[in-house]
Amino acid sequence: MKLILLGPPGAGKGTQAKEIESKRGLVQLSTGDMLRAAVKSGSPIGSELKAVMDRGELVSDEIVIKIIANRIEQPDCAKGFILDGFPRSLAQASALDKMLADKGTKMDLVVELKVDYNRLVERIVGRYTCANCGEGYHDRFKRPSVRGVCDVCGNQEFTRRADDNAETVTTRMMAYYRDTAPLVGYYYCKGNLRAVDGMAPIADVAKAIDALIEAAG
Ligand code: ADP
Ligand code: AMP
């Protein structure tokens, strides 16, 4: 199963990708996570990437296409994968189609997570993650069951993304509506687009996506 989770920042793509990953053993491919790792590792283009990401703009198509082209060749992707945050432009979508066509395959399903603008901002500014295992939390919507302790690994340190602030959110949303939203039409025309109500509680969204994966076979 090769699946794309499509939706604006804060729609719940990462949260749902992790649910699917643990339930179905499909690997989550988040270009945002990969770019943040490249910045952290001190890669030569790290400071350039960081500046673009901190402004809330999109990194060049060329860079992210190269990252994904290399990543899907890894053995853990053979069974399938979940794309989270890629593609984000028509150029990225057509490059993805081409790389899969060259391997004689294609995306099975594209799930659009629909969430109102105001809720997205609320989700982004309240988001934080475990500094050890990366489990995602929210100040109001998803708190650890024991305050200050990660449910998954027991760690007590958490981080917030540098770009998860009210100022950058506007730029990120604009990038979504300008460059990424056209992909809704692109995948609708290809016939593999389905939508879910991303405003619902996390477990309900997971159930809705699970049903779509079952139906797509
Ligand atoms: P994305 O990967 O699309 O940017 P995330 O999965 O990181 O979004 O979710 C953004 C924030 O919203 C996180 O703090 C997460 O815990 C929270 N969240 C995700 N899905 C829901 C939901 N259905 N209801 C409430 N909060 C949610
Ligand atoms: P995300 O973690 O998906 O919210 O992505 C964080 C930031 O990484 C974005 O605001 C972009 O600057 C960059 N980024 C992630 N994925 C892509 C992509 N597919 N194309 C361009 N930029 C990306």
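Quick note: the coordinates plus some simple rules give every number you see, no bench work behind them. For clarity, every value in this text was computed on a predicted model and none was experimentally measured. Counting neighbours? That spans all protein chains shown, and the Cβs are built from the backbone with ideal geometry, glycine included.
Determine the dipole magnitude for segment 138-217: charges of +1 sit on the beta-carbon of Lys and Arg, -1 on that of Asp and Glu, nothing else is charged, the reference point is the Cα centre, and the result goes in debye to the nearest 20.
With only Lys, Arg, Asp and Glu charged at Cβ, the dipole is about 60 debye.
Could you please rank C77, C189, placing first whichever residue has the fewest other Cβ atoms within 10 Å of its Cβ?
Going from least to most buried by this count: C189, C77.
Please list 148-156, 12-20 highest first by mean number of surrounding beta-carbon atoms within 10 Å per residue.
12-20, 148-156
Between segment 188-217 and segment 59-123, what is the separation of their alpha carbon centroids in Å?
With segment 188-217 and segment 59-123 each reduced to a Cα centre, they are spaced 16 Å.
Count neighbours as other Cβ atoms within 10 Å of each site's Cβ, and list the GluC sites (Glu not before Pro) in segment 54-161 that are DSSP loop with at most 13 such neighbours.
Passing both the DSSP loop test and the Cβ count: E73, E157.
Which cross-chain or sequence-distant (5 or more) residues have an amide H under 5 Å from the amide H of E135, H modelled 1.01 Å from N in plane?
Long-range HN contacts for E135: C130.
Just subtract the alpha-carbon distance of S60 and F141 from 0.36 nm times their residue separation and send over the number in nm, one decimal.
Once the chain is fully extended between S60 and F141, it gains 25.9 nm.
Between A37 and N132, what length comes free when the chain is fully extended (0.36 nm per residue of separation minus the Cα-Cα distance, one decimal in nm)?
This chain segment gains 32.9 nm when fully extended.
Explain nothing, just compute: Karplus ³J(HN,Hα) = 6.51 cos²θ - 1.76 cosθ + 1.60, θ = phi - 60°, for every residue of segment 114-130 in order, whole Hz, x for Gly and Pro.
9, 9, 5, 3, 4, 5, 4, 4, 4, 5, 5, 6, x, 7, 8, 9, 5
Using alpha-carbon pairs under 8 Å, 6+ residues apart, how would you state the relative contact order of the chain in percent?
Relative contact order here is 30 percent.
Placing +1 at every Lys and Arg Cβ and -1 at every Asp and Glu Cβ, with all other atoms neutral, what dipole size does segment 64-217 have around its Cα centre, in debye to the nearest 20?
Using only the charged Cβ atoms, the result is roughly 180 debye.
Got a sec to turn the phi values of segment 205-217 into Karplus ³J(HN,Hα) couplings, 6.51 cos²θ - 1.76 cosθ + 1.60 with θ = phi - 60°, whole Hz, x for Gly and Pro?
Per residue, the Karplus-derived 3J(HN,Hα) values read 4, 4, 5, 5, 5, 4, 5, 5, 5, 4, 5, 7, x Hz.
Under 5 Å between amide H atoms, partner at least 5 residues away or on a different chain: which partners does F158 have, H built in plane at 1.01 Å?
So F158 has HN proximity to A131.
Under 5 Å between amide hydrogens, which residues at least 5 positions from E112 or on another chain qualify, with H placed 1.01 Å from N in the peptide plane?
L6, R194, A195, V196
Positive end of the dipole of the chain, charges at C-beta (+1 Lys, Arg; -1 Asp, Glu), about the Cα centre: which of V39, Y176, G104 has its Cα farthest in that direction?
Ranked along the dipole, the leading option is G104.
Just to verify a number: FRET efficiency for V149 and A203, C-beta to C-beta distance, R0 = 30 Å, to 0.05?
0.90
What does DSSP give for the chain in terms of the percent of beta bridges that are antiparallel, rounded to the nearest 5?
About 30 percent, rounded to the nearest 5.
How high is the relative contact order of segment 119-158, in percent, with contacts defined as C-alpha pairs under 8 Å that are six or more residues apart?
Relative contact order for segment 119-158 comes out at 37 percent.
Arrange the following residues from fewest to most other Cβ atoms within 10 Å of their Cβ: L26, L83.
L26, L83
Can you pull out the cysteines in the chain that have no other Cys Cβ under 4.7 Å?
Cysteines of the chain left without a disulfide-compatible partner: C77, C189.
Roughly what % antiparallel, to the nearest 5, for the DSSP beta bridges in segment 102-197?
Around 60 percent antiparallel, to the nearest 5.
Treat the count of other C-beta atoms within 10 Å as a stand-in for reagent exposure and order I67, I124 from fewest to most.
Ordered from fewest to most neighbouring Cβ atoms within 10 Å, I67, I124 come out as I67, I124.
Can you list the HN-Hα couplings for segment 92-99, worked out from phi with the Karplus curve (6.51, -1.76, 1.60; θ = phi - 60°), rounded to whole Hz and with x for Gly and Pro?
Along segment 92-99, the couplings run 5, 5, 6, 5, 5, 4, 5, 5 Hz.
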